[in-house]
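Right, one structure below, let's go through it.
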Amino acid sequence: MRASCRRKSWKRFTSLYRASQAALSATCREGCLPLTEIPVDAAAGEDYNRGSKKEQRRTEMSAQQVTYTFESRKEADTDRLGQLLSGYLQPGTVITLDGDLGAGKTRFSQGFARAIGIAEHVNSPTFTIIKEYEGDHLPFYHMDMYRISQEEADELGLEDYFYGTGVSLIEWSSLIADLLPPDRLAITISLMEDQSRVFHLTPYGLPYEIWCLQMKENGHLQ
Ligand SMILES: Nc1ncnc2c1ncn2[C@@H]1O[C@H](COP(=O)(O)OP(=O)(O)O)[C@@H](O)[C@H]1O
Ligand SMILES: [Mg+2]
């Protein structure tokens with residue numbers, strides 16, 4: 001990359017970072033600490049990713065989390081969201097999908113899978129829990145936690161997926177909330193009376209905040 005391009009990318013990154021911090025502060029309720037000032041008791045020695053400290057921190061963070069929305073009036077709109085997100089993926093990307101039965105979680109996963117170059121038809125992985133696919137650039141792990149027990153979830157070795165080389169998409173992630181990584185893009189789909197869908201996107205962690213801010217800047221998210 002040429003030096004001027006690098007400078008331009010860095011300038012854009014820092015301006016998006018500042019915007020993300022400003023957005024977070026703006027939504028911060030009175031008396032609530034900005035993200036950077038939330039005390040995390042690292043000395044407690046508890047595994048941050050699996051223990052109650054993570055839960056505590058997530059609860060604190062959720063009080064000031066920004067949520068963006070994307071309206072899908074037809075299936076092609078849902079595919080479009082998958083295409084937009086596919087432009088941002090990295091090894092270790094985690095996207096969670098929640099919403100009632102029939103909301104469109106699996107339908108979203110299918111469009112997303114196509115967008116990342118998976119030719120195979122992606123079905124609901126309800127009975128296998130995790131299905132693995134080879135995408136154009138990254139492996140894709142499609143998960144469905146609808147029928148999982150806590151013991152099974154603990155034994156799946158989810159961290160190998162979440163911190164591995166691929167992209168994880170997790171339907172019914174709320175059922176394994178305590179096993180989710182702190183950084184992730186949480187999507188909840190609401191089915192409206194007129195059959196349209198509203199996707200609520202909540203980014204946890206800087207990379208996901210930047211994705212959402214960029215998509216908002218480009219007019220794709222509200
Ligand atoms: N805008 C839309 N986005 C996603 N799915 C839609 C949309 N409009 C209609 N549908 C239909 O809604 C159904 C959603 O089912 P599915 O994705 O299996 O739900 P879930 O996995 O959330 O239980 C599919 O049959 C799909 O064709
Ligand atoms: Mg499904």
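Please treat every number below as a calculation from the coordinates, not as lab data. All values reported here derive from a predicted model rather than from experimental measurement. Here the Cβ is made from the backbone with ideal geometry for all residues, glycine too, and neighbour counts use every protein chain on show.
Observations on the structure shown:
- Summed residue charge, Cβ within 15 Å of GLU193's Cβ, Lys/Arg positive, Asp/Glu negative: -1
- The stretch 153-222 shape via C-alpha gyration tensor axes, a/c threshold 1.5: oblate
- In this structure the amide hydrogen of THR96, modeled in the peptide plane, comes within under 5 Å of the amide hydrogens of ILE170, LEU185, ALA186, ILE187, none closer than 5 places in sequence on its chain.
- Where labels lie 7 Å past Cα in the beta-carbon direction, separation of ARG73 and TYR146 in nm: 2.9 nm
- Dipole of the stretch 110-202 [Lys/Arg +1, Asp/Glu -1 at C-beta], most positive-end residue of ALA115, GLY157, ILE130: ALA115
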